[in-house]
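Step one of this worksheet: look at the structure below.
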Amino acid sequence: MTDQLQKVYEFSPLSSYSLKDRLLIRLADWAFFLLIRLIGITMRYETEGWEHFEAIEEAGKLPIYSFWHDRIFAGTYFFRNRGIVVISSQSKDGEYIARFIKRLGYGAIRGSSTRGGTKALVEMIRAMKHGLPMAFSLDGPKGPRYEAKPGAVLLAKKTGNPLMPFVVECRSFFRLKTWDLMQIPLPFTKVRVIIAEPIYVSSEADETELQNAVEHLQSSLDELVKRGEQWRNSFTKIAPVARPPKQLG
């Protein structure tokens, strides 16, 4: 791995930030890392569709992990220490996010759909061609919620690697009052990781074919969400129907 690629796994210097911001970034970095670690070690994972992940590896390809932003907590812990590279915004918030995910074995390329997006995509293409797997929260960083954006599809076209849609469904969680209604798993909850069939995008795909691929990815994730909810709802106990007492005589 070249020194330039190795940088995606290294902490960026904080010298451009004020002392106050440096302290806040370090505090947020460790707080989120410890939170994910402490809850993560208690969660009980099971998988569905793992053969789709194995099929990608057997084909000699790298998966482009494709998921919704609200499931990022449980997914981050499950896929830790695999060298997966994610895109992180260039904001101050993006700085501490990049730092704590690197503590969990991820790499980070800075950029977003609004700032530095094209540059980040170019860096992801180059990194993937050097053997680094990538991940996209398709509706991030600010939504709309559950609406797939085309970045991951463009990456699949340029690299020949397939999209791997997946959903991480927690049996018990609470939601934050954020744009995506972020799910925070409760300790000791059961979690199901559901992986769909990989989606390949031709290197010759035109605009219509690219849009079709985005719609395919959208429908795949929509279906995974439904399957996850069905699994979670299967744990709900239905109270027995009260029966009237038998009449005597």
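Going by what's in this entry, would A55 be described as crowded, with 21+ Cβ neighbours inside 10 Å, hydrophobic (A, V, I, L, M, F, W, C), touching a residue at least 12 places away in the same chain (Cβ under 8 Å) and assigned to a helix (DSSP H, G or I)? Spelling it out, it is not the case that A55 is crowded, with 21+ Cβ neighbours inside 10 Å, hydrophobic (A, V, I, L, M, F, W, C), touching a residue at least 12 places away in the same chain (Cβ under 8 Å) and assigned to a helix (DSSP H, G or I).
Taking (1) of a type in the set (F, W, Y); (2) buried (at least 19 other Cβ atoms within 10 Å of the Cβ); (3) modelled with pLDDT of 95 or more in turn, Y146 satisfies each apart from (2). Consider the range 5-37 and keep the residues that are among the polar types (S, T, N, Q) and within 25 Å of I84 (Cβ to Cβ). The one that is modelled with the lowest pLDDT is Q6. Do we find that Y77 is surrounded by fewer than 17 Cβ atoms within 10 Å (Cβ to Cβ), within 17 Å of the chain's Cα centre (by Cα), farther than 17 Å from L163 by Cα and at pLDDT 95 or above in this structure? No, not satisfied.
Checked against the criterion of being surrounded by fewer than 19 Cβ atoms within 10 Å (Cβ to Cβ), touching a Phe, Trp or Tyr at 6+ places or on another chain (Cβ under 6 Å) and not aliphatic (A, V, I, L, M), the candidates F33, F67 yield just one match: F33. Within the range 88-99, if we keep just the residues that are at pLDDT 90 or above and under 15 Å from the mean Cα position of the chain (by Cα), the residue that is surrounded by the fewest Cβ atoms within 10 Å (Cβ to Cβ) turns out to be I97.
The values are calculated or read from the model by the stated rules, or taken from the named source; none is laboratory data. Remember, predicted model here, so these are calculated numbers, not experimental data. Note that each Cβ is placed from the backbone with ideal geometry, even for glycine, and that neighbours are counted across all protein chains shown.
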